[in-house]
Amino acid sequence: PGSWTLAVLPDTQRYTVDPWKGIFPTITQWLARNRRARNVRFVLHEGDITGGNTAATWQVASEAMAVLDKAGIPYSLTTGNHDHDAWNPFRNAPDRNTLLGDYCPFSRYRSMPTFGGVFEPGRTENNYHRFTVAGKHYLTLALEWGPRNETVAWASRILAKHPDRIAIIVTHAYLYSDGSRYDWAAKGTSQDYN
């Protein structure tokens, strides 16, 4: 009694390509079916939503997440390296562009009662939500893959505006195992998958 679920979706990229693309909607359908029984209050995606930043993989992801929209389950998405790159053959992205906003647009977030805002107008890679469960106030911050300094500064401002909330910060890559920051400027091509 009184328990609730914060669901976490890590690295669904393989579930957006054959032969596994039926798995992603199966996961979100399970969440929708169990919304009341498990008291599912929010879903966080940790990035690597797609298998290669193609229209076909984003369509699979979009349709899977639409199941949560229909069920009224709020969620946040953030990008991983595979949401910027071509997967097969794997190659690094020449920039920070992704198709996320084309298939999971700002309008989806705007309709969620939990939605707080985004870092860049119309772009959803960096977003925050607020919700309350069992008298506790939460804030989720979803930050882009390898967040830029200006993204981290934005996140700090959001946290400062909501000191009364328990913060949950999600990003696909931020620190290495030695505690150093994921940083292209400092590490260059020695930084795997960046």
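The values are calculated or read from the model by the stated rules, or taken from the named source; none is laboratory data. Note that this is a predicted model, so its numbers are computed, not measured. Reconstructed Cβ throughout: ideal geometry from the backbone, glycine too, with neighbour counts over all protein chains shown. Remember, those area values only see protein heavy atoms, side chains included, never the ligands or the DNA or RNA. Shrake-Rupley method; radii C 1.70, N 1.55, O 1.52, S 1.80 Å.
Every condition in (1) at pLDDT 95 or above; (2) exposed (fewer than 11 other Cβ atoms within 10 Å of the Cβ) is met by residue 180 except one, and the failing one is (1). Checking every residue in region 57-74 against the condition of being over 16 Å from residue 99 (Cβ atoms), touching a Phe, Trp or Tyr at 6+ places or on another chain (Cβ under 7 Å) and not in a loop (DSSP other than H, G, I, E, B) gives at least one match. Of all the criteria given as (1) at pLDDT 95 or above; (2) touching a Gly at 6+ places or on another chain (Cβ under 6 Å), the one not satisfied by residue 48 is (1). Just one of the numbered conditions (1) on the phi > 0 side of the Ramachandran plot; (2) in contact with a Leu (Cβ under 9 Å, 6 or more places away or on another chain) is not true of residue 55: (1).
Across region 9-27, which residue is least open to solvent (accessible area, probe 1.4 Å) among those that are hydrophobic (A, V, I, L, M, F, W, C) and farther than 21 Å from residue 169 by Cα?
At the first step, the residues of region 9-27 found to be hydrophobic (A, V, I, L, M, F, W, C) are 9, 17, 20, 23-24, 27.
Okay, now just the ones that are also farther than 21 Å from residue 169 by Cα, so 17, 20, 23-24, 27.
Values: 17: 38, 20: 104, 23: 62, 24: 0, 27: 50 Å².
The selected residue is 24.
For region 44-55, the set of residues classified as surrounded by fewer than 22 Cβ atoms within 10 Å (Cβ to Cβ) and within 27 Å of residue 137 (Cβ to Cβ) consists of 44, 46, listed by residue number. Within region 133-155, residues that are farther than 15 Å from residue 97 by Cα sit with their Cβ atoms under 9 Å from residues that are aliphatic (A, V, I, L, M) and assigned to a loop (DSSP other than H, G, I, E, B), at 6+ positions apart or across chains, in these pairs: 142/77. Only one of the numbered conditions (1) buried (at least 16 other Cβ atoms within 10 Å of the Cβ); (2) in contact with a Phe, Trp or Tyr (Cβ under 8 Å, 6 or more places away or on another chain); (3) not in a helix (DSSP H, G or I) is violated by residue 132, and that is (1). Going by the structure shown, is residue 30 part of a helix (DSSP H, G or I), among the aromatic types (Phe, Trp, Tyr) and open to solvent by 70 Å² or more (accessible area, probe 1.4 Å)? Spelling it out, residue 30 is indeed part of a helix (DSSP H, G or I), among the aromatic types (Phe, Trp, Tyr) and open to solvent by 70 Å² or more (accessible area, probe 1.4 Å). Take the conditions (1) at pLDDT below 90; (2) over 15 Å from the mean Cα position of the chain (by Cα); (3) not aromatic (Phe, Trp, Tyr); residue 111 misses just one of them, which is (1).
Matching residues to (1) within 30 Å of residue 53 (Cα to Cα); (2) more than 20 Å from the chain's Cα centre (by Cα); (3) at pLDDT below 95; (4) acidic (Asp, Glu):
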residue	(1), (2), (3), (4)
130	yes, no, no, no
136	no, yes, no, no
142	yes, no, no, no
163	no, yes, no, no
168	yes, no, no, no
174	yes, no, yes, no
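Taken together, the criteria place residue 6 among residues that are open to solvent by 40 Å² or more (accessible area, probe 1.4 Å) and either under 25 Å from residue 143 (Cα atoms) or assigned to a helix (DSSP H, G or I) (or both).
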